[in-house]
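Reviewing the structure listed below.
None of the figures in this text is laboratory data; all of them are computed from the coordinates on show. Just so we're clear, the structure is a prediction, and the values are computed from it rather than from any experiment.
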Amino acid sequence: MMSEKTKAPKPFNEGKIGIGRFWAWGSREFSETANVLILLQITYYCVNTLHLNPLILGTLLAASKVVDAVTDMVAGYIVDRTRSRFGKGRPYEFCVIGTWVCTYLLFSTSPDWSDAVKYVWIIIMYILVTSIFNTFLNAGENVYMIRSFNDKQVVRINSYGGIISSVAGLVTNMVLPQLISKYQNAAGGWGRIILLMGIPLGMIAFLRFFFIKEIYNLDHVEAKRGENVKLNDVLTVMRGNRHVWILVAFIFVGNLGTQLGLGSFYFESILGDIGKQTFVSMITILALPLVFFFPKMISKWDVKTVVIIGSVLSAAGSVICFLSNTSLALYMVGFLFIGAGSLPGTYLIRLMAYDCAAYNEWKGMPRMDGTIGAIQGFAKRIGAALSAWVGSLMLVLIGFESSATAGASTLMGLRICTTLFPALMTIFGILILRFYTLDKQMAQINEDNKKARKGEEHE
């Protein structure tokens with residue numbers, strides 16, 4: 001006998017990704033985050049193990065950022081022209097191999113080589129990792145993502161993906177110090193460290209390639225014509241889409257304010273212990289649950305508004321850090337505000353880049369997802385390189401020589417540079433973002449693009 005009441009079928013959830021696909025997509029993010037944290041040990045490795053001059057090393061690494069910025073532009077152009085049996089962005093996942101191989105070679109520099117050879121070898125390997133392999137991975141990221149997930153899934157990927165990066169950071173920061181302590185003084189110890197971490201992390205990274213395929217064809221116009229993206233198309237898009245430049249300016253200013261490199265000086269001189277920096281950083285874990293609210297916040301407002309709200313919160317946190325002076329507790333409150341406020345700008349900016357590509361399609365231009373992503377990377381790296389230089393200049397201007405000799409005026413200058421300058425740049429970024437009006441058009445743009453794609457599929 002049939003039941004009088006039957007369960008209604010569950011409504012189709014267009015935004016559902018599935019746990020397996022979510023973690024498969026985030027696998028490379030996990031590997032990449034760990035690699036970035038390992039590369040942060042390069043100065044420690046070169047000074048303690050290879051006995052190189054830190055000033056010369058720092059200058060060379062800073063100079064390499066110029067190469068990094070240039071290759072960003074080239075990589076975006078190449079990715080946008082790619083057509084293969086694996087897809088458009090997916091083939092560049094093989095660059096993971098190059099990233100970890102060159103990281104291993106970098107940390108396997110022989111102490112017996114001359115200093116000149118050491119510098120050359122290290123910079124070559126560093127450029128290959130950051131300016132070649134990682135650059136192509138980043139350039140292909142958006143291209144791969146929007147061809148593997150629908151619009152609603154893309155929102156969730158970018159909203160929740162930060163959790164994977166945070167977990168990767170936490171695990172790496174727990175494991176790496178233990179490996180360094182155990183192997184750094186052994187012959188070939190650093191190479192062993194990279195092998196122990198790089199082999200499993202490299203294998204994990206390839207879960208994305210094996211389990212996530214490109215299933216959406218967004219190059220229907222070019223494919224139909226049998227055309228590739230031309231250099232002139234890049235110039236046309238750059239001239240015809242002002243929204244891209246607004247995002248570029250926002251990213252540049254944000255990195256200009258946050259990559260000064262003055263944190264260690266602040267903790268040593270103001271709070272009295274560099275070791276407190278690790279303890280303070282852990283408090284940002286409390287802000288992570290906010291990512292679960294991003295999709296609802298975006299649906300209620302829009303991405304730009306959520307990013308602006310976060311920026312306001314971040315600026316307020318910087319002011320609290322300034323007011324904290326020597327109070328660690330109050331500084332932690334401010335740092336929590338900064339951590340929470342930075343999440344939207346960090347994880348949702350890709351959605352705005354995705355909207356810029358959709359705008360290009362709407363205007364009858366190539367989408368240029370790879371090029372847009374590369375231009376954003378260009379702004380990020382140039383901003384970071386200039387920020388490091390500004391930070392060094394600030395130390396000179398405030399007369400900072402050492403924590404032991406710093407007077408009251410120098411310490412005040414350090415507080416202002418470390419906290420209020422980032423707040424000022426954040427406010428400047430908010431003003432820039434106010435000129436971004438694409439969010440008001442996206443409902444119509446997305447609807448028109450969907451209709452156009454369906455019409456072309458039936459031709």
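Would you mind checking 380/450; 304/450; 182/276; 276/380; 88/300; 380/454 for any pair whose Cα atoms are more than 30 angstrom apart?
Values: 380/450 32 Å; 304/450 23 Å; 182/276 23 Å; 276/380 28 Å; 88/300 33 Å; 380/454 36 Å.
Beyond 30 Å: 380/450; 88/300; 380/454.
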For this session: Using just the alpha carbons, could you tell me how many Å³ per residue the convex hull of region 115-217 encloses?
Result: 121
For this session: Average the reciprocal distances over every distinct pair of alpha-carbons in region 51-96, invert the result, and give the Kirkwood radius in Å.
Result: 13.0
For this session: Please say if region 320-398 is rounded, prolate or oblate, where rounded means a/c under 1.5 for a ≥ b ≥ c the square roots of the C-alpha gyration tensor eigenvalues, and otherwise the choice is prolate for a/b larger than b/c and oblate otherwise?
Result: oblate
For this session: Alpha carbons only, please: Rg and Dmax for region 82-137, in angstrom.
Result: 14.3, 46
For this session: Mind sorting out which of (1) 39; (2) 34; (3) 58 is the real percent of Cα pairs over 35 Å apart computed from the coordinates?
Result: (2)
Seminar exercise, completed: Using alpha carbon centers only, region 74-108 is separated from region 178-219 by a whole-angstrom value of 14
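Given Cα positions, please report Rg to Rh for region 309-455, the hydrodynamic radius being the Kirkwood one. Intermediate results must be reported in sequence, preceding the final value.
Details: Rg = 20.4 Å, Rh = 18.1 Å.
My calculation puts Rg/Rh at 1.13.
Counting alpha carbon pairs within less than 8 Å and at least 6 residues apart, what relative contact order, in whole percent, applies to region 302-403? Walk me through the intermediate numbers first.
Working: 72 pairs, mean separation 21.2, N = 102.
Relative contact order comes out at 21 percent.
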Exercise. Could you state the principal axis extents of the C-alpha atoms in region 285-354, from the largest down, to the nearest angstrom?
Worked result: 42, 19, 18
Problem set entry | Rg(Cα) / (2.2 N^0.38 Å) computed for region 249-396, rounded to two decimals | 1.20
Problem set entry | Contact order relative to length of the chain, as percent, for alpha carbon pairs under 8 angstrom and 6 or more apart | 24
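Which value at 222 nm does the chain reach when only helices count, each DSSP H run of 4 or more adding -39,500 (n - 2.57), with the total divided by all residues and rounded to the nearest 500 deg cm²/dmol? Show your work: numbers first, answer last.
Details: 22 runs with 323 residues, N = 459.
Estimated from H runs of four or more residues: -23000 deg cm²/dmol.
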Exercise. So how far, in whole Å, is the C-alpha centre of region 345-374 from the one of region 280-302?
Worked result: 23
Problem set entry | Rounded to whole Hz, the Karplus (6.51, -1.76, 1.60) HN-Hα couplings of region 88-104, x for glycine and proline | 9, x, 4, x, 6, 5, 5, 5, 4, 4, x, 4, 6, 5, 6, 5, 4
